[in-house]
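Novice: Okay, handing you the structure first.
The values are calculated or read from the model by the stated rules, or taken from the named source; none is laboratory data. These figures come from a predicted structure and were not determined experimentally. Don't worry about glycine lacking a Cβ; one is built from the backbone with ideal geometry, like all the others, and counts go over all protein chains shown. Areas reflect the complete protein model, heavy atoms only, side chains present, ligands, DNA and RNA absent. Shrake-Rupley method; radii C 1.70, N 1.55, O 1.52, S 1.80 Å.
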Amino acid sequence: MTTPLKIGIAGLGTVGAGTVDVLNTHGTQLIHRAGRPLEITAVSARDKSKDRGVDLSGVTWHDDPIALASDPNVDLVAELIGGSDGIAKDLCEAALAAGKHVVTANKALIAHHGTVLAETAETNSACLAYEAAVAGGIPIIKALREGLAANRIDSLYGILNGTCNYILTNMAESGREFEDVLDEAQQLGYAEADPSFDIDGVDAAHKLAILASLAFGTAVDFGGVHVEGIRHVSPIDIEFAAELGYGIKLLGVARRTDAGIEQRVHPCMVPVDAPINHVRGVFNAVEVVGDFVDRTIYQGRGAGAGPTASAVVADIIDIARGGRVPAFGVPTAALKPAATVAMESHQGPYYVRLMVVDEPGVFAGIAASLSDHSVSMESVLQRGRAPGEPVPVVMTVHDTKEADMVKTLDDIAGLSAVVETPRMIRIEMV
Ligand code: HSE
């Protein structure tokens, strides 16, 4: 019998317990895939007495997760605690410094400290693997790092947060308000412990920063991601979008441009028949375009015990077999600075909704603001007739520079007939 790979698991929450379950359930078959037995030798979690529904008999318990880094009976630490700093980071640093491999599902940690951790891994001839950090069960990290390694990647985009996709799908299908559907998502356990990470786009931005690094060979640059969430998406915008032939999705978009790397997370209007518009509920999807392979699309469950543990165990198997791929596909010394392009330089079509008093002459003021900033209108729509009352006016505009759009909307917001902050959603012709 070949030497087993000895695994220490830190964190026995949904993902940790899921990982134990996969290893216990498929242990025998996995020996062939891994080339040797995968043995859980140690664990660490907050409450030893809690019943997690998994068999941990014969496994060493450490109250302090950092002890896994120095346990001679551990070759690989699976960090399933979470959080960008604190104990998760301390554990990964200590484990890598001790030459132990690290597998993590921690997107915040990799988005903030991935490049430095990868350097520590290299220095100590250890592996840092994080398939589970992005899009749960979808093997998108392996696809970018290995499957598409022959290509120059120029763009990728995706639905990277299941909670937001669940909320937007439900709002579209039921006409309900955002807050109402968020409550439901929390009750179903989809949202992060701090749901603002989901709905304000932070979780998707963590994932996008990681994907952009792999795609473009640049150091992870979370600070360079423009982030907006879905709090301001309202049923009326979803309705108008449908009327105009679009759906609304929270997308992460990363693009290589002449000026540098564009990284942004925000609600997008996408053509109703685009494949990504058909990704419903908690599912995630990523489209990657490579110069030789052309378009590739990956879709699956982005969260939950089973899908995330599936990704954790896939990393463990790669490491057990002796796979030694650099964490970001190239040695860290070869990663270029990200040179992120500011959002003001973004150029694209926009949807705008105004609430204006229904009276003669209002449109002349709006048209003047558009003209002052050379913004070219594509279509306009006013629904209803309510003299003297606010009514929605919806416009789409042709390709416009973001900086000009912002100035135009500032001017429009100052018109006396405009009674609410104008709402703007970028149109993405995916
Ligand atoms: N809260 C995340 C989501 C799950 O809703 O997609 C894991 O990243």
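Novice: Just need a number here: residues in the range 287-305 that are among the small types (Gly, Ala, Ser), at pLDDT 95 or above and within 14 Å of the ligand (Cβ to nearest atom).
Specialist: Initial filter on the range 287-305 (among the small types (Gly, Ala, Ser)): 290, 300, 302-305.
If we keep only those that are at pLDDT 95 or above as well, we get 290, 300.
Retained after the next criterion (residues that are within 14 Å of the ligand (Cβ to nearest atom)): 300.
Of the residues in the range 287-305, 1 are among the small types (Gly, Ala, Ser), at pLDDT 95 or above and within 14 Å of the ligand (Cβ to nearest atom).
Novice: Now, a different point. Farther than 30 Å from PHE222 by Cα, outside the structural domain of VAL116 (by TED's automatic domain parsing), of a type in the set (A, V, I, L, M, F, W, C) and open to solvent by 70 Å² or more (accessible area, probe 1.4 Å), is that true of VAL419?
Specialist: Working: farther than 30 Å from PHE222 by Cα: yes; outside the structural domain of VAL116 (by TED's automatic domain parsing): yes; of a type in the set (A, V, I, L, M, F, W, C): yes; open to solvent by 70 Å² or more (accessible area, probe 1.4 Å): yes.
Criteria met by VAL419.
Novice: If you scan the range 148-168, which residues turn out to be away from the ligand (no atom under 12 Å from the Cβ), closer than 20 Å to ARG301 by Cα and either of a type in the set (Asp, Glu) or open to solvent by 10 Å² or more (accessible area, probe 1.4 Å) (or both)?
Specialist: Across the range 148-168, the qualifying residue is only TYR157.
Novice: What are the pairs, 6+ residues apart or on separate chains, where a residue within the range 122-140 that is within 16 Å of the ligand (Cβ to nearest atom) and at pLDDT 95 or above has its Cβ under 8 Å from a residue that is hydrophobic (A, V, I, L, M, F, W, C) and in a loop (DSSP other than H, G, I, E, B)?
Specialist: From the range 122-140, the pairs are TYR130/ALA105; TYR130/ALA327; ALA132/ALA105; ALA133/ALA105; VAL134/LEU160; ALA135/LEU160; ILE140/VAL134.
Novice: Here's another thing I want to ask about it. Please find, within the range 177-191, the residue that is farthest from the ligand (Cβ to nearest atom) out of those that are open to solvent by 70 Å² or more (accessible area, probe 1.4 Å) and in a loop (DSSP other than H, G, I, E, B). Write out each step before concluding.
Specialist: Residues of the range 177-191 open to solvent by 70 Å² or more (accessible area, probe 1.4 Å): 177, 179-180, 183, 186-188, 190.
Cutting the leftovers down to in a loop (DSSP other than H, G, I, E, B) gives us 177, 188, 190.
Values: GLU177: 19, LEU188: 11, TYR190: 5 Å.
Only one residue tops the list, namely GLU177.
Novice: Considering only the range 310-348, state which residues are hydroxyl-bearing (Ser, Thr, Tyr) and open to solvent by 20 Å² or more (accessible area, probe 1.4 Å). Give the derivation first.
Specialist: Our first condition is that a residue be hydroxyl-bearing (Ser, Thr, Tyr); within the range 310-348, this holds for 310, 332, 340, 345.
Of everything in the range 310-348, those that are hydroxyl-bearing (Ser, Thr, Tyr) and open to solvent by 20 Å² or more (accessible area, probe 1.4 Å) turn out to be SER310, THR340, SER345.
Novice: Given the criteria of a type in the set (A, V, I, L, M, F, W, C) and on the phi < 0 side of the Ramachandran plot, does ALA339 qualify?
Specialist: Numbers: of a type in the set (A, V, I, L, M, F, W, C): yes; on the phi < 0 side of the Ramachandran plot: no.
Here the answer is no, as ALA339 does not meet what is asked.
Novice: Would you check if there is a residue in the range 349-367 being touching a helix residue (DSSP H, G or I) at 6+ places or on another chain (Cβ under 7 Å), outside the structural domain of SER234 (by TED's automatic domain parsing) and open to solvent by 60 Å² or more (accessible area, probe 1.4 Å)?
Specialist: no
Novice: Considering only residues that are of a type in the set (Val, Ile, Thr) and in contact with a Ser or Thr (Cβ under 8 Å, 6 or more places away or on another chain), which ones fall in the range 99-137? If you could, list the steps in order and put the result at the bottom.
Specialist: Keep residues of the range 99-137 that are of a type in the set (Val, Ile, Thr), which gives 102-104, 110, 115-116, 120, 123, 134.
Residues satisfying the conditions are ILE110, THR115.
Novice: Hey, which of the strands (runs of 3 or more DSSP E) in the range 69-161, taking only ones fully inside, have at least 1 residues that are over 19 Å from THR41 (Cβ atoms)? First the steps, then the outcome.
Specialist: On the way: elements: 76-79, 101-104, 153-159.
Passing ranges, in order: 153-159.
Novice: Considering each residue of the range 43-90, count those that are at pLDDT below 95, farther than 17 Å from THR19 by Cα and aliphatic (A, V, I, L, M), and give that number.
Specialist: Adding up the residues that qualify gives 0.
Novice: Sticking with this one: Would you pick out the residues in the range 16-37 that are open to solvent by 30 Å² or more (accessible area, probe 1.4 Å) and either closer than 23 Å to ALA303 by Cβ or not in a helix (DSSP H, G or I) (or both)?
Specialist: Step one: filter the range 16-37 for residues open to solvent by 30 Å² or more (accessible area, probe 1.4 Å), giving 21-22, 24-26, 28-29, 31-33, 35-36.
Correct list: ASP21, VAL22, ASN24, THR25, HIS26, GLY35, ARG36.
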